[in-house]
Amino acid sequence: PGRRGHRPAGGAHRDRSGVIDVGRLRVALAEVRQQVDEAARRSGRDAAAVEIVVAGKYIPAEYAHILVAAGAPVIGENRLQDLEAKRAVVGDALTFDFIGHLQRRKVPAVLAATRLIHSVDSERLAAEIQTRAGSSTRVLVAVNISDESTKHGILPGQIEVFVEAVTQLPSIVLGGLMALPPADPDPEHSRPYFDRLRRLRDELAIRWSGRHDLRELSMGTSQDFTVAVEEGAT
């Protein structure tokens with residue numbers, strides 16, 4: 001998967017009545033896919049290895065059927081209530097990932113409704129997932145790659161200790177890392193953070209080969225997703 005280019009799918013694709021226009025959204029998704037493919041080729045990667053996750057936070061639940069009609073591949077939700085509201089409209093017609101900060105009390109509901117959690121950011125949360133999952137569950141680790149006090153996530157200097165601890169939870173498989181660099185209008189300013197996350201992932205993947213797969217790099221938003229793909233976003 002890839003947050004890999006998360007892109008809000010809402011406001012820019014509404015008609016004058018405020019209704020999301022399915023045709024414009026379909027075109028926008030195709031344009032993003034083309035940009036992702038080109039960025040992958042520039043970096044010598046297989047474009048098929050990069051997945052688009054559409055950030056759903058700006059899409060009201062009553063328009064969830066339009067996401068289906070437009071062919072949105074995967075929807076990333078920050079809040080459980082928004083995810084559940086959309087599922088109430090379209091059922092299993094959409095695939096959901098959870099990309100926001102997750103409270104432990106909401107773990108059972110999120111596990112039941114999503115394909116992948118991108119935002120495991122504490123040992124206590126990992127332990128709760130272990131308790132509730134019942135079988136092998138693949139998750140991503142949220143990394144506070146820029147050490148910002150306003151963001152959740154494991155600090156890079158603490159990631160080894162975190163992985164050591166999570167490895168003691170037999171049902172948890174770490175599938176990769178997720179990070180959001182500081183917001184900046186210049187996508188090139190995100191590149192060093194993406195590079196650092198990739199290098200960190202590579203080091204962990206070597207050490208934990210056979211226990212965790214650590215294939216994924218969930219990184220990149222509307223402002224910098226092509227740079228993220230060039231730096232290894234999946």
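General observations
- For VAL68: the one exception among (1) touching a Ser or Thr at 6+ places or on another chain (Cβ under 6 Å); (2) of a type in the set (Val, Ile, Thr); (3) open to solvent by 30 Å² or more (accessible area, probe 1.4 Å): (1)
- Every residue from the range 170-198 that is loosely packed, with under 15 Cβ neighbours inside 10 Å, farther than 14 Å from VAL139 by Cα and more than 18 Å from the chain's Cα centre (by Cα): ASP184, PRO185, ASP186, GLU188, PRO192
- Restricting attention to the range 209-221, the residues being assigned to a loop (DSSP other than H, G, I, E, B) and either at pLDDT below 95 or buried (at least 16 other Cβ atoms within 10 Å of the Cβ) (or both) number 5.
- Output for the range 155-169, where each listed residue is surrounded by 19 or more Cβ atoms within 10 Å (Cβ to Cβ) and either modelled with pLDDT under 95 or of a type outside the set (Val, Ile, Thr) (or both): PHE162
- Among the residues of the range 82-100, the ones that are under 18 Å from the mean Cα position of the chain (by Cα) and surrounded by fewer than 16 Cβ atoms within 10 Å (Cβ to Cβ) come to 1 in all.
- Positions within the range 139-154 being within 11 Å of ASP121 (Cβ to Cβ) and open to solvent by 50 Å² or more (accessible area, probe 1.4 Å), in sequence order: LYS151, HIS152
- Any hit, the range 8-30, residues being modelled with pLDDT of 95 or more, under 23 Å from MET219 (Cα atoms) and touching a strand residue (DSSP E or B) at 6+ places or on another chain (Cβ under 6 Å): no
- Within the range 109-138, being of a type in the set (Val, Ile, Thr), within 19 Å of LEU214 (Cα to Cα) and open to solvent by less than 10 Å² (accessible area, probe 1.4 Å) holds for ILE117, VAL120, ILE129.
- HIS65 meets all of the listed conditions (1) within 23 Å of VAL161 (Cα to Cα); (2) free of Cβ contacts under 8 Å to residues at least 40 places away in the same chain but one, namely (1).
- Candidate set: the range 40-81, residues that are within 14 Å of ILE20 (Cβ to Cβ) and charged (D, E, K, R); chosen: the one farthest from the chain's Cα centre (by Cα): GLU62
The values are calculated or read from the model by the stated rules, or taken from the named source; none is laboratory data. Because the structure is a prediction, the values reported are computed rather than measured. Methodologically, a virtual Cβ is constructed for each residue, glycine included, from the backbone with ideal geometry; neighbour enumeration extends over all protein chains shown. We work out accessible area using only protein heavy atoms, side chains counted, and drop any ligands, DNA or RNA first. Shrake-Rupley method; radii C 1.70, N 1.55, O 1.52, S 1.80 Å.
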